[in-house]
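These notes are about the structure you will find just below.
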Protein chains: 2
Amino acid sequence: MGSEEKIISWVCRFTVITAFFLIGFIIGWFARPTTVNHEQASKSLLRNFLDEMQAENIKHHLRKFTKLPHLAGSQQNLDLAEQIRAEWMEFGLDSVELVPYDVLLSYPNETNPNYISIVDQMGNEIFNTSLAEPVPEGYEDVADIVPPYSAFSAKGQPEDELVYVNYGRTEDFFKLERELGINCTGKIVIARYGKIFRGNKVKNAMLAGAKGIVLFSDPADYCADGVEPYPHGWNLPGGGAQRGNVLNLNGAGDPLTPGYPAKEYTYRSSLEDAVGLPKIPVHPIGYHDAVHLLQHMGGPLPPNNWKGALNVSYRIGPGFMDGFNQNKVRMNIHTNNQVTRIYNVIGWIRGAAEPDRYVILGGHRDAWVFGGIDPVSGAAVVHENVRAAGKLMKKGWRPRRTLVFASWDAEEFGLLGSTEWAEDNARVLQERAVAYINADSAIEGMYTLRVDCTPSLHTLVYDITKKVSSPEEGEEGMTLYQSWHKRDNSTERDAPWISKLGSGSDFEAYFIRLGIASGRARYTKNRKTERYSSYPVYHSVYETYEIVERFYDPSFRRLEAVARVRGGLIFSLADSPVLPLDCVEYAMSLTKYANTIYQLAAKHPGAMGQYSVSFDSLFSAAKNFTVAAQDFHQRLDQLDTSNALAVRMVNDQLMYLERAFIDPLGLPGRPFYRHIIFAPSSHNKYAGESFPGIYDALFDIENAVDAQKAWDEVKRQISIAAFTVNAAAETLKPVVS
Amino acid sequence: MGSEEKIISWVCRFTVITAFFLIGFIIGWFARPTTVNHEQASKSLLRNFLDEMQAENIKHHLRKFTKLPHLAGSQQNLDLAEQIRAEWMEFGLDSVELVPYDVLLSYPNETNPNYISIVDQMGNEIFNTSLAEPVPEGYEDVADIVPPYSAFSAKGQPEDELVYVNYGRTEDFFKLERELGINCTGKIVIARYGKIFRGNKVKNAMLAGAKGIVLFSDPADYCADGVEPYPHGWNLPGGGAQRGNVLNLNGAGDPLTPGYPAKEYTYRSSLEDAVGLPKIPVHPIGYHDAVHLLQHMGGPLPPNNWKGALNVSYRIGPGFMDGFNQNKVRMNIHTNNQVTRIYNVIGWIRGAAEPDRYVILGGHRDAWVFGGIDPVSGAAVVHENVRAAGKLMKKGWRPRRTLVFASWDAEEFGLLGSTEWAEDNARVLQERAVAYINADSAIEGMYTLRVDCTPSLHTLVYDITKKVSSPEEGEEGMTLYQSWHKRDNSTERDAPWISKLGSGSDFEAYFIRLGIASGRARYTKNRKTERYSSYPVYHSVYETYEIVERFYDPSFRRLEAVARVRGGLIFSLADSPVLPLDCVEYAMSLTKYANTIYQLAAKHPGAMGQYSVSFDSLFSAAKNFTVAAQDFHQRLDQLDTSNALAVRMVNDQLMYLERAFIDPLGLPGRPFYRHIIFAPSSHNKYAGESFPGIYDALFDIENAVDAQKAWDEVKRQISIAAFTVNAAAETLKPVVS
């Protein structure tokens, strides 16, 4: 080749090389995804995560955490907090901290015990209720078992005739006052536990003018048929009694620092100005003691359906005890309120891609005594969730979003630890919290799964339960979803029953005050056939490790299943590129709730016409929301998941949907209940009410003193609900008009 | 070459080509930025944007928009809304919509005019105030000029002695009641305009028990020295009077729908339950009329510094007019409240990268009459801002974030249009709004720039004013910053003076209720030497195009400068990859405010000791915030701006900082004022107060009935302030513990 040819040849080669370089460059440029879509990766990791959680470990955690009482504010409960911090760090969390608050707690006076007496005309105490529960075998040497008491009871020694008020519900007092003509003013009332939160019973008693209230456990409500009392079965023994706080906080947290965290520098109101403290003495007793009080009552016979299972021919008072004997009842209550330091344990796994998005798993650690069920069956499950997450991290996994694990303190004293932390971190949580999964007691029965959650979590709950095996014997190869579906089908569609969230556990501040999508899951009884309240030994000394190990879950596979459901929820929420929240489910629920509340109002067709009450705006809003939700999910199907900002934007819309239902003005008279769609019932904190503002405005409206004013308030509440639903729909629409 | 050699040769070539392909691929892979950092692009585009805004255009817009009155609720103001919508669409916005609300407005009765009389003992009206202002030349044929009135005045014809209450400030009534021993109960009071918002004067009069209040413009407050009355100068003529609403809404918006947008379906309270309506008649008069009322008053002589410039030897009553003549004053007020449809115009430019982040420029369109200054000097500037943005869009530009332009209605009736829209969109704004820039009157004087803004905007304001030329003659080559700095240096540092935001314009709901970083800018008088209130013709018929064109800004270069400042702010906020907000400036301001409020409390050293009042927690919080802010900006310096999610995360922290100061519980008695750092003064809506909760708790505390309770409230407010500042600091820390 000549030199010219050589040059041409090299030029050709250079051109070819350059061309290939360019092709390579271009392919390289465009082949690179701007973000990693680890949906596939997540799926197999979810499997690993679920399988990592094992019954044996949960059993071990439960055993370890139930040896001693862990009353809020006690040294034992601080020790347990330290232990949990240390173990969570060992499991591999990025950081774990103890977060203290100084809140108002309430303890019996150690030298001056609480009890109830029957006193004769001479003032002699002729019968006294027991000062403690008989301690179960194996725990005889345990110190610091707090006797049954009603936390935050007022002090006092009121003495008077006794009036039986059935469950102490609003409708029970209505019946007494309106139908039976019995006035409770100045009397001591006695109510059986069950049906509603005990704080509501106390509030109702105060409203009725009572000067004291005795709470007792009736076998009709605390014994299952054909079951022996503990330790031979899981029924409540006659000497057992239910501890519990009797506050009416309505979400305020620490009674002395409503709205603000109870830090050292925080201003504290006086006890007189405290939120939710009962003004009258309250005390709980078991049924062996209750018999004595009840069988000597005066007054007329109770309605048939007010008779419990005590088989005593008690009356409903007032009227002196034993008729002409003129005996009375005296309460002797010396319980003290005191500001006490509590400790939350907060653990963190930093999110890999979006550290500023938080998925929270929280449950309480404090127990009335051993807490075998409440809360340790839940806390043991949290411990296993944390251990499993740590295990995956050691294999190199890190969730897309941040995981926060919380062991709350002082739940039993009014959800204090969780509420103070929510108050402390309200700004950050409002901006960053994706979801809150609650982890209180993981088991309360032996039948099937129970889930209460926000509607947007329905679909994820179903998905996760399809990935978990049924823990029931004889259901090998069946999924938890199938087992659950078979046992508790929804009345509305062919899917397992999921309920609204009420309150009575630590999700309250997160869901009802801050508007963070929330849910809870546990194993439960057959709600259709098992009519006893809660589980029989609830809040008694008989909540031991053994009651779980012998009766509720001998294989610990039920707790394992619950661990996998809760764990699967937080895993998916933290790791899915697009948040697994379903707005169309929310739309369906809103439509259903609108119908329900309309039906309630429609019981007053005359007044509806007279005062021009219309639900059109609410139905129209529900329709707007439905269309917006459907359109949103259609757009989501076309989302370019490789565009990190685009994914973030739809995730923000999903995350903030629940927030959109929050009204900073709160519900009437309940400033910390700010969710317009859901609130704890005003008549039973445990139950959830939908469209609570409208519901409360309609309540007992037929007896309103000023009907015009009462129906105006109904109209105002319909307007607020309609606006809120419309406003939430707006958040789902395309982000620019 | 043999076939073997050929193969080797081809293998070699293939290897080389593959290698180059790979090199190309790898370079291509890594060379690609994951997001475009258009900081450089933005800078030159900002220059283009600023230069696009021109004096001549603003002059044209001002002329066009001031030909007719545009009272809220009138057909003319709807027509103007339609015109603005059409022109904004022409300018190139993506979409523009009219958003209606049905709010409570207030108009004089057309057939039964309002006036004040002097009546003799026989009940004869021996003097009546004028029913209208003399109409300025050129506007004689204009219909629908509303006469001077106090919007939302109660109806009524009270008749009694007159008491002069100076400016009607809290301290004026204190002086009357406590030092001068004059009781206003059951009297008609007369107050001069100025110093504070007129609604506060009316509230004070009601609290003092007055049954009516007359408001007048004194030349001491509404005439500048050496200036002629309009049309020969820019002073208020004697026949001119100041219109204005006399509400005390405290941020509620529409008085009938507090907290919720006034839509068709919205529940409306009765007028009796409406928020902020005065319960007594109110009426404004000019100084020609005022002379007659004042010169016949009875009672003692006023304090020297209460004497205005009317040069009448009036007294301060009560005491019958003319001493022994026993003449009285009668108010004749027939103004009607009525629910009326108003229209906001809302225009959108969709953000290119982050459409779900909103930068809002809003100002009102409604005017009492022609609105030459208020608001059209501002609205004309908005129009030019929109035109310039449209121009850039036609050249291919689109901001990183969404721009929202708003022409509010019914600002003059209590910030109604802007507040209803804020209520309507509260959820979306809370999640997505980056900043709100207000665009009311762009000029109120001829001296220099005036800026009120949140501390985090200080730095950006300084930066932008350095890019704008001084509009002043003889200052060619000087920047606006230099001109401003020279004329109005801060007392605290070597930089121009920037003030806190008060209220009295449409930013209120955005800043004080929702916690969106806000600011405003306008051209102003020399605040040190020009002691008249506002600008003399404020809210009179003499606010014409001509007053601007002849006196305030003949070259329209001052308005051009304001347009560039406002425009530069929204451009930078919408287009900078990292939000141009400065947390360290906020820290400095918080520290300063903490010192100021401490100094106020420290005037009571005895009580501070007695009631153990400490500001330590607040100082400590300010320090925490300062450290957090400094650390935040240090981390910002190391931010990988090519990581789209990382940038979004710090921007979220910056955006939500202002939100962190919002307390949903609001300030005591003012539920819609929710910003813990800033609120309109409780004694003057126009002024901003820092740490308003503490300030109000301390106010007049030396005269508190229950000192313990009063100081407890101070302590509670210090605690709330300290917590809020600490909570805000938390939002700036790294997002994971």
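The values are calculated or read from the model by the stated rules, or taken from the named source; none is laboratory data. Small disclaimer: the values here were computed from a predicted structure and weren't measured. Glycine also receives a Cβ, built like all others from the backbone with ideal geometry; neighbour counts cover every protein chain displayed. Ligands, DNA and RNA are stripped out before the accessible areas are found, and what is left, the full protein with its side chains, is counted by its heavy atoms. Shrake-Rupley method; radii C 1.70, N 1.55, O 1.52, S 1.80 Å.
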Mind checking which residues of the range B:685-708 are of a type outside the set (A, V, I, L, M, F, W, C) and closer than 21 Å to B:Q599 by Cα? B:G688, B:E689, B:S690, B:P692, B:G693, B:Y695, B:D696, B:D700, B:E702, B:N703, B:Q708
Residue that is in contact with an Asp or Glu (Cβ under 8 Å, 6 or more places away or on another chain) and not acidic (D, E), where the choices are B:G209, B:G226, B:G156, B:G194: B:G194
Could you give every pair whose Cβ atoms fall below 7 Å, whose first residue belongs to the range B:572-593 and is at pLDDT below 95, and whose second residue is surrounded by fewer than 20 Cβ atoms within 10 Å (Cβ to Cβ) and in a helix (DSSP H, G or I), counting only separations of at least 6 or pairs across chains? none
Looking at A:R648, A:R635, which is the one that is among the basic types (K, R) and under 30 Å from the mean Cα position of the chain (by Cα)? A:R648
Being assigned to a loop (DSSP other than H, G, I, E, B), more than 8 Å from chain A (Cβ to nearest Cβ) and in contact with a Leu (Cβ under 9 Å, 6 or more places away or on another chain) is the requirement here; does B:Y673 meet it? yes
Could you look through the range B:337-351, keep only residues that are in a strand (DSSP E or B) and within 14 Å of chain A (Cβ to nearest Cβ), and pick out the one that is farthest from B:P399 (Cα to Cα)? B:N344
Going through the range B:198-214 one residue at a time, which ones are within 24 Å of B:L236 (Cβ to Cβ) and more than 23 Å from the chain's Cα centre (by Cα)? B:A205, B:G212, B:I213, B:V214
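Just the residues that are of a type in the set (A, V, I, L, M), away from chain A (no Cβ under 14 Å) and assigned to a loop (DSSP other than H, G, I, E, B), please, taken from the range B:352-380.
B:A367, B:V369, B:I373
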Quick test of your reading of the structure: B:A660 fulfils all but one of (1) over 29 Å from the mean Cα position of the chain (by Cα); (2) at the interface with chain A (Cβ under 9 Å from one of its Cβ atoms); (3) buried (at least 20 other Cβ atoms within 10 Å of the Cβ); (4) closer than 27 Å to B:S572 by Cβ. Name the failing condition by number. (1)
Listed residues B:H458, B:H383; which is open to solvent by 10 Å² or more (accessible area, probe 1.4 Å), in contact (Cβ under 8 Å) with a residue 24 or more places away in the chain and away from chain A (no Cβ under 14 Å)? B:H458
Could you say which residue among A:A422, A:A410, A:A406, A:A439 is aliphatic (A, V, I, L, M) and farther than 20 Å from A:D254 by Cα? A:A439
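Condition check ((1) touching a His at 6+ places or on another chain (Cβ under 7 Å); (2) more than 9 Å from every other protein chain (Cβ to nearest Cβ); (3) part of a helix (DSSP H, G or I); (4) open to solvent by 40 Å² or more (accessible area, probe 1.4 Å)) across all residues:
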| residue | (1), (2), (3), (4) |
| --- | --- |
| A:Y695 | no, yes, yes, yes |
| A:N726 | no, no, yes, no |
| A:T731 | no, no, yes, no |
| A:P734 | no, no, no, yes |
| A:S737 | no, no, no, yes |
Given B:V584, B:V650, B:V562, B:V627, which one is within 14 Å of another protein chain (Cβ to nearest Cβ) and either β-branched (V, I, T) or outside any helix (DSSP H, G or I) (or both)? B:V650
Among the listed residues A:K195, A:K263, identify the single one that is surrounded by fewer than 24 Cβ atoms within 10 Å (Cβ to Cβ), closer than 30 Å to B:V725 by Cα, under 25 Å from the mean Cα position of the chain (by Cα) and modelled with pLDDT of 95 or more. A:K263
One residue from A:S620, A:S612 being facing chain B (nearest Cβ under 9 Å) and either open to solvent by 50 Å² or more (accessible area, probe 1.4 Å) or in a helix (DSSP H, G or I) (or both): A:S620
If you scan the range B:292-308, which residues turn out to be assigned to a loop (DSSP other than H, G, I, E, B) and surrounded by fewer than 17 Cβ atoms within 10 Å (Cβ to Cβ)? B:Q295, B:P300, B:L301, B:P303
When the residues of the range A:267-291 are narrowed to those that are within 11 Å of chain B (Cβ to nearest Cβ) and free of Cβ contacts under 8 Å to residues at least 40 places away in the same chain, which ends up least open to solvent (accessible area, probe 1.4 Å)? A:S269
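The rows are residues; the columns are (1) under 27 Å from the mean Cα position of the chain (by Cα); (2) modelled with pLDDT under 70; (3) facing chain B (nearest Cβ under 10 Å).
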residue	(1), (2), (3)
A:W10	no, no, no
A:W29	no, yes, yes
A:T34	no, yes, yes
A:L46	yes, no, no
Consider only pairs whose beta carbons are under 8 Å apart and that are at least six residues apart or on different chains; among these, list those whose first residue lies in the range A:82-98 and is farther than 15 Å from A:M393 by Cα and whose second residue is open to solvent by 20 Å² or more (accessible area, probe 1.4 Å) and of a type in the set (S, T, Y). A:E97/B:S737; A:L98/A:Y343
Any idea which residue in the range B:638-647 is least open to solvent (accessible area, probe 1.4 Å), counting only those that are closer than 22 Å to B:R357 by Cβ and more than 12 Å from chain A (Cβ to nearest Cβ)? B:L639
Cβ-Cβ below 7 Å, separation at least six or inter-chain, first residue in the range B:50-64 and closer than 14 Å to B:F556 by Cα, second among the β-branched types (V, I, T) and crowded, with 20+ Cβ neighbours inside 10 Å: which pairs? B:I58/B:V381; B:L62/B:V376; B:L62/B:V548
Being touching a residue at least 40 places away in the same chain (Cβ under 8 Å) and assigned to a helix (DSSP H, G or I), is that true of even one residue in the range A:527-543? no
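Results for (1) buried (at least 24 other Cβ atoms within 10 Å of the Cβ); (2) among the aromatic types (F, W, Y); (3) at pLDDT 95 or above, shown as yes or no for each residue.
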site	(1), (2), (3)
A:N526	no, no, yes
A:T529	no, no, yes
A:V541	yes, no, yes
A:V548	yes, no, yes
A:D553	yes, no, yes
A:F556	yes, yes, yes
For the range B:238-260 the number of residues that are open to solvent by 20 Å² or more (accessible area, probe 1.4 Å), more than 19 Å from the chain's Cα centre (by Cα) and either within 14 Å of chain A (Cβ to nearest Cβ) or closer than 23 Å to B:C184 by Cα (or both) is 2
Among (1) more than 26 Å from B:E658 (Cα to Cα); (2) in contact with a Phe, Trp or Tyr (Cβ under 7 Å, 6 or more places away or on another chain); (3) within 14 Å of another protein chain (Cβ to nearest Cβ) - the single one A:V404 does not satisfy: (1)
Which of the residues that make up the range B:118-148 are surrounded by fewer than 20 Cβ atoms within 10 Å (Cβ to Cβ) and in a strand (DSSP E or B)? B:V119, B:E125, B:I126, B:F127, B:N128
